[in-house]
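Take a look at the structure below.
Derivation of every value follows stated rules applied to the coordinates shown; laboratory data play no part. Being a predicted model, the structure only gives us computed values, none of them experimental. Virtual Cβ from ideal backbone geometry, glycine too; neighbours counted across all protein chains shown.
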Amino acid sequence: MLHTLVVYVEDKPGVLNRVASLFRRRAFNIDSLTVGHTETPGVSRMTIVCDADPAAARRVEANIYKLVDVLRVDDITDQPAVERELAMIKVAASHETRGQIIQLADVFRARTVDVSNDSLIVEITGSGDKIERLLDVLKPFGVLEMVRTGRVAMARGPRPASKLEDRFAGEDAHEEPGVSYSV
Amino acid sequence: MKRTGAQIIWESLLRQGVSTVFGYPGGAILPAYDAMTQYPMRHILVRHEQGATHMADGFARATGQVGVAIATSGPGATNMVTGIATAMLDSSPIVCITGQVGSKLIGSDAFQETDITGVTLPITKHNYLVTRADDVAPTIREAFHVAASGRPGPVLIDITKDAQQSSAEFDWDAAEPKLRGYRPDRRPAPVDYQKAIALIKNARRPVILAGRGIIQSEAGQQVVAFAERTQTPIAMTLLGLGGVAASHELNLGMMGMHGEAWVNTAIQEADLLLAFGMRFDDRVTGNLKTYAPHAKKIHIDIDPAEINKNVPVDVALVGDLREVLVELLPHVPVAEHVEWLARINELKGDSAVRDIQNLPDNGHLYAAHVINDIWRETDGNAIVVTDVGQHQMWEAQYYKHNTPRSLITSGGLGTMGFALPAAIGAKIAKPDAEVWVVVGDGGFQMTMCELATVMQENIDINVAIINNGFLGMVRQWQEFFYEKRYAATPLVNPNFTKLAEAFGLTGITVTKRGEVVPAVRAARNHKGGVVIDFQVEQEDSVYPMVPAGADLHAMIRRPSPIVETAADA
Ligand SMILES: Cc1cc2nc3c(=O)[nH]c(=O)nc-3n(C[C@H](O)[C@H](O)[C@H](O)COP(=O)(O)OP(=O)(O)OC[C@H]3O[C@@H](n4cnc5c(N)ncnc54)[C@H](O)[C@@H]3O)c2cc1C
Ligand SMILES: Cc1ncc(C[n+]2csc(CCOP(=O)(O)OP(=O)(O)O)c2C)c(N)n1
């Protein structure tokens, strides 16, 4: 099954390489990996989607923790979370089909962000599923080009500590004693 | 105070308590070498950078302290790769310092430029590229902390030439590690203690699997206390040997591929396995599908990534072994397990008490006798450093280790060429200890250049070459599994005695059983390096043997004994 991990890392050169190398070396399957800045300077945030059974997911998590530059790993698979991907799809569009495509995009709450004589670009944000469904209906018109980001995710509701810095600086910087690794 | 980056390297190493480094110079590390002359540092000039890493590793395994190796960029750094991977797989704390081309040249394929942090990324616990003199001290301090804490491991620091040459303020106190995410200090959940205690209480046929974690957490005493209180027999991994005295009555001996037959059978019959600081290596478990099928499993390990990696366990206690056992011990009930211990004794039969020295001399010289004689002559008190192959297994079977850190061997990577340099490192770490190298004629030739280091540094070690004229362990596999087609395993060897003499050392040749003890005594009495060429039976095999991937109880036993040895029965 797909697991979604939110990984906070030091914003240092080579950290992405370390994480990616770990997945390759341990033969864990990455479905997608995205990385970007956070609200805290010096801390980057990755959303990693990987295919693993629950025990394997525990090991993925434990192995990521072993990287010295990793600050925190949250497996939010079972938490209520908002998960989004973004895609831009360039579709062949003639005068006749243009209106139809824009209408279809509207149904998916996608936006038309560029129009030319014989094509247009549709931008969509949503779950991977939703993007797949939009793609399905656009394919008959001719998909010329597509670019997709990986998944980003955020758990719903308040966080236990208000600021990342607080969480990494104090007591919480250490694994709360008493995390059970037995399954 | 202002210092150059090169000076800061030595200022920092001295403050880390380092008094000896193993290394080899070159252009990119030359500023550091030049600055070294200003500091009270012993530098051991090796003959190949692989040797430097194994020496640092041997130093670390002998003491538990961080060993340090140093090399130049490019080929110097890549020569370290095997030694770093060896330290990684056996969790040995070493710090490797390499020079790098100037920071402005990085990425330009400059002379002797290698991306060594990229190369070593998967075989180090962590690594660093330092491009500014300001970062030298904090990085070294952090590197030592990372290497030695939690589950130890190798750390590499690549320092550009300009970082060595430029100056920075040296402030050791300010260089304290500030690692926000790194958490080596794990403690188990209370609920898991409860679960473990319940399993221990209900066990009728428990076995402790004792690994290298015992040695690394210095938990020998606690393990013995646990075993005695619960009357639980102890099986050792190769890397655990010495962690619990071989002479202890509950110590069954080694498990696994070349473990004692009764040990593997006991594991297969057990109803509870207590894995203490061991990682269920495939040489230990054999076929995972049929491994210990009746047993519940409790795994105590400092590394959560080891839990459920190979063998699914019922309870995991993640933390330092000694701390966990101290916590656990008062809560485990006293037990007897009379029937179970009787059953194991029955499995042993009389083989365990049979003494191979009483077997008649049939004119052949066997490795088992050589190693057993070295054990007797040294009263089991030597540090023995072994290479990889048949002799390594015979050493594990016939040298009885009673103290932690008295066996140093490459288990996980199985690196031929490890023994001689690692022994040099061990001897330098423990100058008062008697150090023996037990090495095959194949592996010896992989790093024998370090005999020159023995000569130059006047290292007092004894080298026992178990010379069977073959890459013995591979020949054994060819005999068992490839119908004796000896592809590329016969060796034509140099005259090892003359070779030793060419290095200014003493060489002795032994071809008969009666010559073994006199040779061992001569070596012990001689100050300085001695090489003994034990020319042993060429086609002897290590028994018992669990073929790779086979069921643990499916051992190949010695067919018609040429020599009956204790482990064979
Ligand atoms: C030719 C050859 C044949 C071999 N045959 C055998 C054989 O027959 N039998 C055998 O046993 N081995 C054999 N080996 C060795 C084998 O490959 C492994 O290296 C060995 O079994 C690993 O032992 P280990 O798990 O105890 O040690 P390690 O691999 O060092 O693992 C130690 C474990 O302890 C944990 N640990 C470390 N510190 C602590 C701490 N403070 N607290 C708690 N846990 C800690 C670590 O996280 C790790 O999981 C052979 C090797 C070779 C080369
Ligand atoms: C560097 C390296 N290359 C190859 C091997 C594979 N290998 C394992 S044991 C062995 C034979 C060792 O022969 P020798 O050193 O003579 O020791 P023996 O087995 O005869 O005691 C070989 C080639 C290895 N472990 N390490």
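Modelled label positions at B:Thr403 and B:Trp477, each set 7 Å beyond Cα in the direction of Cβ, lie 3.6 nm from each other. Dipole orientation for region B:356-480: of the candidates B:Val438, B:Met416, B:His364, B:Met416 has the Cα lying most toward the positive pole (charges on Cβ; Lys, Arg +1; Asp, Glu -1). Peptide A:63-73 has a mean shielding of 5, counted as Cβ atoms of other protein chains within 10 Å of each residue's Cβ. Taking the fewest neighbouring Cβ atoms within 10 Å as the starting point, the ordered list for A:Cys50, B:Cys96, B:Cys449 is B:Cys449, A:Cys50, B:Cys96.
Looking at region B:375-453, the pairs of alpha carbons with a distance over 20 Å make up 26% of the total.
Ordered from longest to shortest, the equivalent ellipsoid semi-axes for chain A are 38, 17, 15 Å, each the square root of 5 times a Cα gyration tensor eigenvalue. Pairs of Cα atoms nearer than 8 Å and 6+ residues apart set the relative contact order; for chain A it is 24 percent. For B:Ile44, the amide hydrogen comes within under 5 Å of the amide hydrogens of B:Val21, B:Phe22, B:Gly23, counting only partners 5 or more places away or on other chains and with H modelled in the peptide plane. Given R0 = 60 Å, the distance between the Cβ atoms of B:Asp432 and A:Asp78 translates into a calculated FRET efficiency of 0.55. What residues from region B:104-118 fall in the zone where the backbone N is under 18 Å from a label point 7 Å along the Cα-to-C-beta line of B:Arg132? Counting only backbone N, you get B:104-106.
In region B:190-348, the alpha-carbon atoms span a convex hull of 95 Å³ per residue. Modelled label positions at A:Ser127 and B:Ala335, each set 7 Å beyond Cα in the direction of Cβ, lie 4.9 nm from each other. With the simple spin-label model, which puts each label point 7 Å out from Cα in the Cβ direction, the A:Arg111 to A:Arg25 separation comes to 4.2 nm.
Against the empirical 2.2 N^0.38 Å (N residues), region B:470-532 has a Cα radius of gyration ratio of 1.50.
For chain A, the longest principal axis of the C-alpha atoms and the axis of helix A:128-138 are separated by about 10°. In debye, nearest 20, what is the charge dipole magnitude of region B:2-176 about its Cα centre with +1 on Lys and Arg Cβ and -1 on Asp and Glu Cβ, if you could check? Its charge dipole is roughly 360 debye. Rounded to 0.05, the FRET efficiency of the B:Ala548 and B:Asp271 pair, given R0 = 25 Å and the Cβ-Cβ distance, is 0.40.
So if the hydrodynamic radius of the protein assembly as shown is defined as the Kirkwood radius over C-alpha pairs, what does Stokes-Einstein give as its diffusion coefficient at 20 °C and 1.002 mPa s, in µm² per second? D, rounded to a whole number, is 75 µm²/s. Classification of region B:405-549 by its C-alpha gyration tensor yields a prolate form. The axis ratio a/c (a ≥ b ≥ c) is 1.5 or more, and a/b outweighs b/c.
Counting, for every residue in B:115-127, the Cβ atoms of other protein chains within 10 Å of its Cβ and taking the mean gives 2. With 21 Å as the limit, the listed pairs B:Lys104/B:Lys125; B:Lys201/B:Lys297; A:Lys66/B:Lys430; B:Lys309/B:Lys348 have B:Lys104/B:Lys125; A:Lys66/B:Lys430; B:Lys309/B:Lys348 beyond it between alpha carbons. Taking a ≥ b ≥ c as the square roots of the eigenvalues of the Cα gyration tensor, an a/c ratio of 1.5 or more together with a/b no larger than b/c marks chain B as oblate.
When a/c reaches 1.5 or more, the comparison of a/b and b/c decides; with that in mind, is region B:2-176 rounded, prolate or oblate per its Cα gyration tensor? Verdict is rounded for region B:2-176. Put a plus charge on the Cβ of each Lys and Arg, a minus charge on the Cβ of each Asp and Glu, and nothing anywhere else: the dipole of the protein assembly as shown about its Cα centre is then about 340 debye. Could you compute the FRET efficiency for B:Ser19 and B:Asn310, with r as their C-beta to C-beta distance and R0 at 30 Å, rounded to 0.05? For B:Ser19 and B:Asn310, the calculated efficiency is 0.15. If the segment from B:Glu176 to B:Gln456 were pulled out straight at 0.36 nm per residue, it would be longer than the present Cα-Cα gap by 97.1 nm. Taking max minus min of the alpha-carbon positions on each principal axis, region A:2-79 gives extents of 34, 28, 19 Å, largest first. The orientation-averaged projected area of the convex hull spanned by the Cα atoms of region B:179-250 comes to 6.3 nm².
Give the residues of region A:32-64 whose amide nitrogen is closer than 18 Å to a point set 7 Å from the Cα of B:Val191 in the direction of its Cβ. Once the point is set 7 Å along Cα→Cβ of B:Val191, A:54-55, A:58-59 turn out to lie under 18 Å by backbone N, inside region A:32-64.
Principal-axis analysis of the Cα atoms of chain A puts helix A:95-107 at an angle of about 30° to the longest axis. Its DSSP H runs of at least 4 residues, each contributing -39,500 (n - 2.57), put the calculated 222 nm mean residue ellipticity of the protein assembly as shown at -9500 deg cm²/dmol, to the nearest 500. Here B:Lys512 is the anchor, and the aspartates and glutamates within straight C-alpha reach of less than 15 Å, apart from those fewer than 8 places off in the same chain, are B:Asp361, B:Asp373, B:Asp533, B:Glu537. If you average the C-alpha positions of region A:31-45 and of region B:529-562 separately, how far apart do those two centres end up, in angstrom? Using only Cα atoms, the two centres lie 54 Å from each other. Given +1 at the Cβ of Lys and Arg, -1 at the Cβ of Asp and Glu and no other charges, the dipole of region A:2-79 around its Cα centre is 420 debye to the nearest 20. Stokes-Einstein diffusion of region B:64-164 at 37 °C, 0.692 mPa s viscosity, Kirkwood radius from Cα pairs, rounded to a whole number: 247 µm²/s.
For chain B, the relative contact order is 14 percent, taking Cα pairs closer than 8 Å that sit 6 or more residues apart in sequence and dividing their mean separation by the residue count.
Note on B:310-322: average number of Cβ atoms from other chains within 10 Å of each residue's Cβ is 2.
Taking the charge dipole of the protein assembly as shown about its Cα centre, with +1 at Lys and Arg Cβ atoms and -1 at Asp and Glu Cβ atoms, the residue from A:Leu67, B:Gly153, B:Pro233 reaching farthest to the positive side is A:Leu67.
Cα-based radius of gyration for region B:225-281, normalised by 2.2 N^0.38 Å, reads 1.04.
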